[in-house]
Each structure stands twice: as structure tokens, then as C-alpha cells.
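*Asks:* Take this structure, written in C-alpha cells, and hold onto it; I'll ask about it next.
The values are calculated or read from the model by the stated rules, or taken from the named source; none is laboratory data. Small disclaimer: the values here were computed from a predicted structure and weren't measured. Heads up, the Cβs are rebuilt from the backbone with ideal geometry, glycines too, and the neighbour counts pull from every protein chain shown. The area values use the complete protein model at the heavy-atom level, side chains included, leaving out ligands, DNA and RNA. Shrake-Rupley method; radii C 1.70, N 1.55, O 1.52, S 1.80 Å.
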Amino acid sequence: MEERKMSQPLALRAAAGSAAVLRPEGSTTRVHEVLDSFAARDTQGEILTAVRHFPAREAQWADLPGWTHADLAAAYAGKGIRRLYSHQAAAAEAIHEGNNVVVVTPTASGKTLCYNLPVLNAILENTDTRALYLFPTKALAQDQLAELHDLNQRLENRFGVFTYDGDTPSDARKAIREQGHIVLSNPDMLHTGILPHHTRWTRLFENLRYVVLDELHSYRGVFGSHLANVLRRLRRVARFYGRELQFICSSATIANPGDLAARLLEAEVCVLDSNGAPAAEKTFVFYNPPVVNRALGIRRSYINESSRVAQEFLKRDLQTIVFANSRLHTELLLTYLQQANPQPPGQPEKIHGYRGGYLPNERREIERGLREGRIRGVVSTSALELGIDVGSLDTAVLAGYPGTIASTWQRAGRAGRRSGSSCAVLVASSAPLDQFIVRHPDYFFGNTPEHAFIQPDNLEILVNHLKCAAFELPIRPEERFGAVDVRELCARLAEAGYLHRAGEHWHWTHEAYPADTVSLRSVSSDNFVIVDITGAPEVIGEVDFTSALTTVHPKAIYLHGGQQYHVEHLDFTERKAYVKKVDADYYTDAIRYTQVRVLEIAAEARSAEACPELPASRAHGDVLVRSQVVGFKKIKFFSNENIGAGQLELPENEMHTTAYWITLERALLESLPFSVSERQSGMFGLLHALESVATLLLMCDTRDLGTAIGERPPAPGAESEECTPLRLEDAVAANAKEFFEPNLYLYDAYPGGIGFSEPLFRVHELLLRQTRELIAACPCEQGCPSCVGPAGDLAPRAKEAALEILGRLCGGMHREVAGSTGL
């Protein structure tokens, strides 16, 4: 694979170029012009590490099922649909037979029809039939509403279809409850607005037959674990009204769709994963920014390079979507692209941003502009990764690896959704995971996408939903929530004053409304509203509590739609951030300080079983993580220079979670031939690389794990000055305070843990060995962002020290079969 890396891009480009003669003029030619320009600059064959061409695929057809209502068949015929793709026909038949179904096909393969056809057919046959459609975002529900409205008009308004979310006017809600045959909502609204008020939804629940879960692959980790409990509550309320529900799920390609659906629904599921939809040709390019300092392994900024790549497409009038991995990078890229494409005075902007925090009307207008072709470029977070209809885009640029193979294909699939040639370019950052992917393209193109993990019996999540369930209906003693016997938990909640036992049943007695305090997506349900006070006060956006501490802290530069705002005041009482427009040449980056304290050890072992005398150990268990934003850096646009800093005093956050950690004992540290700052730089560098390899082994998102280094406590739960961890800057200074026996922590970045620490403990030896291979294979001399972290942040021999520590840790290991994860 590595041997082919140098010559592969040019050869493939030539092959693509020769085929271009046979293709129609237009976007295809312009796409290949851009690829030719990239290849011409890549004289060493190091920038384009992979160029893969995927030819167009023909459709596989099937007839409409014989049971299809004549009026529904006529409505679809009016839309030009007289035959189905093979997977649509198979799904419709399976649903008609009463099975729980999960349809697994790529983006733009017509999954919507798979469930609309049998659901609408059932409603036309029996007008009492009701269906609940759940989408992970409001935008997807609005998108689906337009499709169903069109069908309803063709059927002369034979059924009622409405969205029910936070934006639904209160005076419309009663009509929706009574007249809605299909209610389009999201898990959050089901959790807070429907289930707690099920007595108002009697008409829906007495006739509810179908529940549709769209974009199933997005329900992983925390969100999926919450949803599994919301669905437990939904089935519980439906049974109260005498209904057993049939679930229909649709998913993009992941490794375990059947397993995920079965865990979410706690029922048998029929998996349909053959795809009969046609596909237009696509070219997928891996672009590794050029090295500017080979000794330090420093590459050109991937944000600047992503902007440059997108600009190549935009100047040839190719409609382009750019995906960034954070809100900050979304706004940075938007700023750069708008400055490179200034519009004449009075003309509307042709390049827009799209992310959470923009107001709903603003987002709908951007979606419409993309469909109509008025907007030529959009820079988005993962908000546009899911199946919102934004028309047929020509190209997708991914600024950094999204963290999973599944997300990468989802984002790449936003280009060329309907027809014609398209191109996707992944621009790698210097992060170890990005570099691994672009240097090993066969790993990406040859592997199935990741598994989606959920942990519905996470105690913190489950107890919160048990409270909500008790509010909805009294809890019976024989009831179970998953594998958990609820009697003991109910007794504890009664002691805390939440429940009261009357006879055999547990009743909710607390004054609070439990669902309102449980967020399905984040640690806190509190959002901060962002108010522009440049002129008359105007709400311009919102941000969740955790993000507010890093994005709208006092003196921060908040970026919104490419405009800079200076944060004047952050009001914690009113949950408001007050900002003023400014024209600054810099942005701000928050500095966070994290401390981990061990509460309870679940399991502990020597680092290498074959070498018990090795002075190191590993463990996993419960920890308390404290984090605080203590300051910020000012970073200049374009050049990324650090031009200043400031200190902050913001509230400290506490989180009880689970962690896996390695303890480096005193004897190991004293045997290392390095100074204190070099040793400690080596530890931070080792942890940097461990985190990247852990995300690969777990097949999880980088944001699901957190890292910290702290002194080994004398006993679990103990706390003293010696247990306080150091920050990187303090640890690598010449006069640094030395760790005596440090713990290197990898913790689940969610309260209660999501189930990652125990698998890491099990694959400890493989994790260390692959980390060692990652660092050793990096061509830099003294450490770089692609292995142990930026050289400027660490002591000169950090890479050497990290490899030496790994050498000691790996010294006594058993030889395992390469590639076996044991997960």
C-alpha cells in the first residue's frame, strides 16, 4: 500500500482523464480540471495520497406491490414513480407483513419511500391508523413534511400530516393531536412534549401503529443511549392504551445496523441491506497538506488548505459544500471563503455558513438557496451531514477527518446525490488519526464503517428516564427497564423524595417536571441565548451550556455568519451572552484545565502479564472529572499566530464517569535517560498518541474520549495536593514540578460513562503496540502533531522519550495476532 502511494495519484488521474472524453461536458470537465491542477502541484506524490474513482451504477427495478392502494399508486405515478428500486419493494413487503425493519442503504437511495408507501397505504385502508415519525433534527422533519404535503395534495388531502417540535405554535397543537395521521417529531419532543402529556394525545396513542426512526446511525453513544430509554417509555405508554408498536428504521451504512436497532427497540429486527438505487460516478481524493518543515513534521494549516481546495471548485462555479469539525472552524472557513469571493455592493452573499446556533428561519433559507442554486457554497458542521435535501451539489470538501468512516461517507455522499459526476476531497489535519487514514487509504476504502455503541443501562441515564416514566404512569413492581430490576431503584428514589409507594405501585410525588431537566444530547439542558447589543438588542443564536464556557466566555470573539462579535458579558443567572459587532483580525481559543480523581477501581493488572516485575500497571473504574476554562489565546486569522492571551474565572464543571488508565511507577521513570521536562513531555506525547489509537480500536468519535495526567492517589477517593495534575505548559517547563507516579487517563467524556473504559482495559497490549507503531512510523525527527503533538509545545526529545516509555511498557508483552482487537 505504502509502495503505491507515490505513483498512484498521477496514474489514477490519468485514467480518470482518459475516461473524461466519454463524459458530457460541464461539471465533469471542471471537476477534472481541478484534480489536474492538484496533481500538477504534487510533484513528489505526497499530497494526493489516494484518488479513487467509483463508476456509475445502474438501478435495479421492481414493480409496485400488488396490495398498493390504487389512489396511492396514481399519486406516485404523478410524481414519475411507476416502479420501485428493488430495496424499496423488499422493505415495503416486509413492513406490510408486520415486521420491525431496518433499511440500510447509502445516502440518496430513496429510503423515504420505503416507509412512506406502506404507512400511507395503511392510512388509506383504515383512516384511524396513526404513525409517529422521529428524526434526529428539526430540519429533517421539515424536509419530510414537504414530501408528504406533495403526496397529500395528490391524494386530495386524505390524511393529516404535521410537524410537532419546539417551533410549533401553541394554538396549533390541539389540532395536531386530534387530526394528525402522521406526526413528524424528534426524540427530544417525544421525551419532553408528548410522553409526559400522553393523556392529551389519547387519539394518537389509541391508534398508533407505526413508529419510524430515520437516520438510525446517528443514534449512537449518549444520544442513542437516551433514545433507547425514551423508546422504553414510548412502548410502556402505548401498551397502557392497548397498542403494540411496529418500528421502521432507516440507516446509512454502519457495521452493526441490526444489532443497534435490536438494542434500541429491544425486539427482533429484519435487516434489509441490498441497494437497488442507481449511483452517479464519484471521485474521492485524499489530500495531505504539504510539509513546510520536515524536521518538525509541520504541515500547512489544513484549514487554509481546505479553503484553497474549496476555492478551486468555487471559482469554476461548482456548487460546493465544506464540512468542518467544529463551530469555530466552520466560521473560520466561512470568513476565508467570503473574503476570497467578495460580492458587489447590494448583491446577496453566495457563500453561507450552516450550523447549530443559527436560527431556524436562517437555516431554512440557506437550504432553499442551495436547492435553487442561488447559494454556490456552504460551510457546515455535521448539521448537514444527515439527509436534508439540499439539491445536487457538485463537490464536497471535508476539512479534517470526521472521526469515523461512516461519517466520512455520509459527508462525501452530500455531493452528487442525484446525478452527474461529483468529487469529494478529504483534507487531512496533522492529528494522528487523520494522518493514519490518509497514509493508509486501503484501511479506509477496504474496511466496513464503524460499529455504533450504545449503553442504555448506564445508571445515570436510566435513573433519569425512570423518573420520567414514573411521572407518566405509576411503576408496577414487576416492570423492568432493560436488564435492570426497578424495585431497588424505585426504593432509592422514594428515599430521595421523588416517588411514593401506594400499595404495590410507585407514584411520582416530586414538584419538579422530570423530563424538562434531562437533556438527550448533552450534560446540561441549559442553553445560553446570544444577544447582539450593537444597536437594538437582537437574538442572533444560542449555544449549549458546555460550549458556552469555551465559545462565549467574557472577551471571546464569537463568530456568526462570518461576522465577528466581542463578548461583553456572560450572564449565568439569565443564561444570556451579550455581544457587540467588531472588526477583529483574530479569533479566540479557550484554555481548559482538567483534573481526574479515582473513586473506585473496577479491575487492575500489571501492565504486561508476562512480565509482572515491570514497574507499571493498568486499571479501569469510576472517576470524578473536574474541568474549568481558565483562560484564552488570541489567534490571528490566516497566519494562526498567537498574538496574546487572557485569564478567566469561570465556574468549575464536575462529572462522574468511567476511565481507563496506565500508572507509570517510580522505578520506570527513574530508569529513563531524560531530564524531568523531557520525561513529562514524553508522557503528554504518549497520551496524545494513545487517544488517537484508542478511537480507532473502539471505532468511536474523538469527542467521546477525554485525556488527563495526574498523580497516582494513595487510595481511591483520596485527594491531596499531590493528586493535583499539571497542565502541559507547567509540566514541560525547565523548572517543572515532577510527577512521582503519574496516571495517564483516557476517560469517557459523558457522565456515568458510555462503556469505553472496560474494552480499552481488555485490549491494553494491542493499544500500546499500535501506539508505538504510530509514533515510530512518523517521519518527523523530534515529534509533530501527527504523532506526539506539536514540537513547539513539548521538550525537544519528547518523541524519543515517548518511544522509550512504550519500549519499557511493551517489553514483556505476549505476542498477539496482529489486527485482533478483542473488542
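*Asks:* Given (1) open to solvent by less than 30 Å² (accessible area, probe 1.4 Å); (2) within 22 Å of the chain's Cα centre (by Cα); (3) among the hydrophobic types (A, V, I, L, M, F, W, C), where does Phe637 come up short, assuming only one miss?
*Replies:* Unmet for Phe637, out of (1) open to solvent by less than 30 Å² (accessible area, probe 1.4 Å); (2) within 22 Å of the chain's Cα centre (by Cα); (3) among the hydrophobic types (A, V, I, L, M, F, W, C): (2).
*Asks:* Within the set of pairs 6+ apart or on separate chains, which have a first residue in the range 307-328 that is within 21 Å of Leu559 (Cβ to Cβ), a second that is surrounded by 19 or more Cβ atoms within 10 Å (Cβ to Cβ) and among the charged types (D, E, K, R), and C-beta atoms under 6 Å apart?
*Replies:* Qualifying pairs under 6 Å: Ile321/Arg414; Phe323/Arg411; Arg327/Arg355.
*Asks:* Search the range 275-293 for residues that are assigned to a strand (DSSP E or B) and pair each with any residue that is of a type in the set (Gly, Ala, Ser) and modelled with pLDDT under 90 when their beta-carbon atoms are under 6 Å apart and the residues are at least 6 apart or on different chains.
*Replies:* The qualifying pairs are Lys282/Gly416; Lys282/Ser422.
*Asks:* Against the definition (of a type in the set (Gly, Ala, Ser), in contact with a helix residue (DSSP H, G or I) (Cβ under 6 Å, 6 or more places away or on another chain), part of a strand (DSSP E or B) and in contact (Cβ under 8 Å) with a residue 12 or more places away in the chain), how does Ala452 come out, yes or no? I'd like the intermediate steps shown before the answer.
*Replies:* Numbers: of a type in the set (Gly, Ala, Ser): yes; in contact with a helix residue (DSSP H, G or I) (Cβ under 6 Å, 6 or more places away or on another chain): yes; part of a strand (DSSP E or B): no; in contact (Cβ under 8 Å) with a residue 12 or more places away in the chain: yes.
So Ala452 fails the test.
*Asks:* Here are some conditions: (1) in contact with a strand residue (DSSP E or B) (Cβ under 9 Å, 6 or more places away or on another chain); (2) open to solvent by less than 10 Å² (accessible area, probe 1.4 Å); (3) touching a residue at least 40 places away in the same chain (Cβ under 8 Å). Ile388 meets all but one. Which one does it not meet?
*Replies:* So the condition that Ile388 fails would be (1).
*Asks:* Taking the stated definitions as given, is His197 under 27 Å from Leu466 (Cβ atoms) and open to solvent by 10 Å² or more (accessible area, probe 1.4 Å)?
*Replies:* yes
*Asks:* Within the range 514-559, work out how many residues are acidic (Asp, Glu), open to solvent by 30 Å² or more (accessible area, probe 1.4 Å) and at pLDDT 85 or above.
*Replies:* Residues that pass the stated criteria total 1.
*Asks:* Can you tell me which residue is farthest from Leu265 (Cα to Cα) among those in the range 435-453 that are modelled with pLDDT of 80 or more and open to solvent by 10 Å² or more (accessible area, probe 1.4 Å)?
*Replies:* Among those residues, the one meeting the criterion is Arg439.
*Asks:* Quick check on the range 418-425. Is at least one of its residues open to solvent by less than 10 Å² (accessible area, probe 1.4 Å), among the aliphatic types (A, V, I, L, M) and modelled with pLDDT under 90?
*Replies:* The answer is no; no qualifying residue exists.
*Asks:* Counting only residues that are touching an Asp or Glu at 6+ places or on another chain (Cβ under 8 Å) and among the aromatic types (Phe, Trp, Tyr), how many does the range 208-245 have?
*Replies:* Residues that pass the stated criteria total 1.
*Asks:* I would also like to ask the following. Leu359: at pLDDT below 90, under 17 Å from Gly416 (Cα atoms) and open to solvent by 10 Å² or more (accessible area, probe 1.4 Å), yes or no?
*Replies:* Working: at pLDDT below 90: yes; under 17 Å from Gly416 (Cα atoms): no; open to solvent by 10 Å² or more (accessible area, probe 1.4 Å): yes.
Here the answer is no, as Leu359 does not meet what is asked.
*Asks:* If you don't mind, another one. Considering (1) under 20 Å from Leu234 (Cβ atoms); (2) open to solvent by 50 Å² or more (accessible area, probe 1.4 Å), say which one Lys467 fails and leave the rest.
*Replies:* In the conditions (1) under 20 Å from Leu234 (Cβ atoms); (2) open to solvent by 50 Å² or more (accessible area, probe 1.4 Å), Lys467 misses (2) alone.
*Asks:* Let me ask something else. Test Thr381 against the stated conditions and say whether it is in contact (Cβ under 8 Å) with a residue 24 or more places away in the chain and under 18 Å from the mean Cα position of the chain (by Cα). So that I can check it myself, show each step before the final result.
*Replies:* Numbers: in contact (Cβ under 8 Å) with a residue 24 or more places away in the chain: yes; under 18 Å from the mean Cα position of the chain (by Cα): yes.
In short, yes.
*Asks:* Follow-up. Go through the range 36-64 and count every residue that is open to solvent by 10 Å² or more (accessible area, probe 1.4 Å) and either over 23 Å from Tyr302 (Cα atoms) or not in a strand (DSSP E or B) (or both).
*Replies:* 20
Let's see how each residue does on (1) at pLDDT 85 or above; (2) out of contact with any Phe, Trp or Tyr (no Cβ under 7 Å at 6 or more places or on another chain); (3) surrounded by 14 or more Cβ atoms within 10 Å (Cβ to Cβ):
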{"residue": "Ile601", "(1), (2), (3)": "yes, yes, yes"}
{"residue": "Leu614", "(1), (2), (3)": "no, yes, yes"}
{"residue": "Asp622", "(1), (2), (3)": "yes, yes, yes"}
{"residue": "Val630", "(1), (2), (3)": "yes, no, yes"}
{"residue": "Ile643", "(1), (2), (3)": "yes, no, no"}
{"residue": "Gly646", "(1), (2), (3)": "yes, no, yes"}
{"residue": "Leu650", "(1), (2), (3)": "yes, yes, yes"}
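*Asks:* Can I ask one more? Need pairs with beta-carbon distance below 7 Å; first residue more than 29 Å from His656 (Cβ to Cβ) and within the range 755-774, second in a helix (DSSP H, G or I) and open to solvent by 30 Å² or more (accessible area, probe 1.4 Å); sequence gap 6+ or separate chains.
*Replies:* Arg772/Leu803; Leu774/Phe436
*Asks:* Is it the case that the range 91-98 has a residue that's touching a Ser or Thr at 6+ places or on another chain (Cβ under 9 Å) and either surrounded by fewer than 17 Cβ atoms within 10 Å (Cβ to Cβ) or assigned to a loop (DSSP other than H, G, I, E, B) (or both)? Talk me through it step by step, then tell me what you get.
*Replies:* Just the residues of the range 91-98 that are touching a Ser or Thr at 6+ places or on another chain (Cβ under 9 Å), to begin with: 91-92.
Checking the rest, the ones that are also either surrounded by fewer than 17 Cβ atoms within 10 Å (Cβ to Cβ) or assigned to a loop (DSSP other than H, G, I, E, B) (or both) come to none.
No - not one qualifying residue is present in the range 91-98.
*Asks:* Could you check Arg772 against (1) modelled with pLDDT of 90 or more; (2) within 13 Å of Ala619 (Cα to Cα); (3) open to solvent by 30 Å² or more (accessible area, probe 1.4 Å); (4) of a type outside the set (Val, Ile, Thr) and say which number it fails?
*Replies:* (2)
*Asks:* Just name the residue that is nearest to the chain's Cα centre (by Cα) out of those in the range 332-365 that are part of a loop (DSSP other than H, G, I, E, B) and more than 19 Å from Asp317 (Cβ to Cβ).
*Replies:* Start the filter on the range 332-365 by keeping residues that are part of a loop (DSSP other than H, G, I, E, B), which leaves 341-350, 355, 357, 359.
After this cut, where a residue has to be more than 19 Å from Asp317 (Cβ to Cβ) as well, the list is 345-346, 355, 357, 359.
Working: Pro345: 38, Gly346: 37, Arg355: 13, Gly357: 16, Leu359: 21 Å.
Step by step, filter the range 332-365, then rank; the result is Arg355.
*Asks:* Let me ask you something else. Just one of the numbered conditions (1) β-branched (Val, Ile, Thr); (2) in contact with an Asp or Glu (Cβ under 6 Å, 6 or more places away or on another chain); (3) free of Cβ contacts under 8 Å to residues at least 40 places away in the same chain is not true of Thr658; which one?
*Replies:* It is condition (3) that Thr658 fails.
*Asks:* Give me the pairs, please: first residue somewhere in the range 47-63 and in contact (Cβ under 8 Å) with a residue 40 or more places away in the chain and more than 20 Å from Ala279 (Cα to Cα), second residue anywhere and of a type in the set (D, E, K, R) and open to solvent by less than 30 Å² (accessible area, probe 1.4 Å), beta-carbon distance under 6 Å, and either six or more positions apart or on two chains.
*Replies:* Correct list of pairs: Leu48/Asp42.
*Asks:* Could you run through the range 501-515 and say how many residues are part of a strand (DSSP E or B) and over 20 Å from Arg233 (Cβ atoms)?
*Replies:* Selection size over the range 501-515: 2.
*Asks:* Same structure, new question: Filter the range 332-351 down to the residues that are of a type outside the set (Val, Ile, Thr), touching a strand residue (DSSP E or B) at 6+ places or on another chain (Cβ under 8 Å), within 14 Å of His560 (Cβ to Cβ) and surrounded by fewer than 23 Cβ atoms within 10 Å (Cβ to Cβ) and list them by number.
*Replies:* The one that is of a type outside the set (Val, Ile, Thr), touching a strand residue (DSSP E or B) at 6+ places or on another chain (Cβ under 8 Å), within 14 Å of His560 (Cβ to Cβ) and surrounded by fewer than 23 Cβ atoms within 10 Å (Cβ to Cβ): Gln338.
*Asks:* With the requirement that a residue be among the small types (Gly, Ala, Ser) and at pLDDT below 90, what does the range 93-119 give you?
*Replies:* Ala108, Ser109, Gly110
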